[in-house]
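The values are calculated or read from the model by the stated rules, or taken from the named source; none is laboratory data. Here the structure is a predicted model, which is why all the values come from computation and not from measurement. Note that each Cβ is placed from the backbone with ideal geometry, even for glycine, and that neighbours are counted across all protein chains shown.
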Amino acid sequence: MRDFMTADGIEPRDSGSRLPELLRIRPIGIDDWSNVRYVHGKAFRTILGPHLTPETISAFLAALDDPGYVDRLRDCDLIGAWLDGELVGTAGWRRVDDRAAVATIEGLFVRPMFAFMGIGSALLAHAESRARDAGCVAFTATVAPVSVPFMLRFGYDIAAHGADLPEAPFDEPMFLMRKREGATARAPIVSGDAVDAGSRDPDAIACGTARPRVLLFGK
């Protein structure tokens, strides 16, 4: 993915993922945070919301309005994807601890109306690439059940499952996933009109390292 770096961000060209030509990926800046909140809230309510309890939904939406939500995301390396100048998705990573070369994926959301366009896949790949550039060699993510198929495609295996995982963002059963060394995506990324409706799996994850944190959505 480093080959796509340009002066004003990352420009997908011939990545084999048929991304929109006008998609740009760059680090989140100080003026982007209100749009980040909007993207995360919209993705959460539409994609994860139907699979969670009303109490969990209310807790996340309350946390979204708390200043600590943005403060936490500022502590990770968060990038955003823009389409025609509009923020349509985010993803980030942080080290598990200062001594480990392990990164955990956080903040992966794609607005529902832009799902199944390869945006979530591109964001995950870029976040992993930036973590590798910083010296990380292994990756983890704590995800909701609906997001497991997407992570499996990118070489992540299920390491643990339950409602009390240390890194789980919700008090509901989640999956801790770890990426196999040298693993790559298992299936090609396709555009929305080329995806069979019966085989769609949300290009999304719910992860992070402090409650409540999330990451989700949109291929």
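The single condition among (1) touching a Phe, Trp or Tyr at 6+ places or on another chain (Cβ under 9 Å); (2) over 21 Å from Met117 (Cα atoms); (3) at pLDDT below 95 that Glu55 does not satisfy is (1). The number of residues in the range 135-156 being over 19 Å from Asp77 (Cβ atoms), surrounded by fewer than 24 Cβ atoms within 10 Å (Cβ to Cβ), of a type outside the set (A, V, I, L, M, F, W, C) and out of contact with any strand residue (DSSP E or B) (no Cβ under 6 Å at 6 or more places or on another chain) comes to 3. Among the criteria (1) of a type in the set (A, V, I, L, M); (2) within 20 Å of Tyr38 (Cα to Cα); (3) surrounded by 15 or more Cβ atoms within 10 Å (Cβ to Cβ), the one Ala62 does not fulfil is (3). Condition first: in contact with a Lys or Arg (Cβ under 6 Å, 6 or more places away or on another chain) and modelled with pLDDT of 90 or more. Now tell me which residues in the range 1-42 satisfy that. Val39, Lys42, listed by residue number. Report yes if Asp71 is at pLDDT below 90 and either in a strand (DSSP E or B) or more than 15 Å from the chain's Cα centre (by Cα) (or both), otherwise no. The answer is no for Asp71. Contact annotation: residue pairs with Cβ atoms under 8 Å, 6 or more positions apart or on different chains, pairing a residue in the range 29-42 that is touching a residue at least 40 places away in the same chain (Cβ under 8 Å) with a partner that is charged (D, E, K, R) and surrounded by 15 or more Cβ atoms within 10 Å (Cβ to Cβ), are Val39/Arg111; Lys42/Arg111.
Here is the figure for the range 98-134: residues that are farther than 15 Å from Leu78 by Cα and charged (D, E, K, R) total 3. For Leu87, the requirement of being closer than 24 Å to Leu176 by Cβ, in contact (Cβ under 8 Å) with a residue 40 or more places away in the chain, not in a loop (DSSP other than H, G, I, E, B) and not small (Gly, Ala, Ser) is not met.
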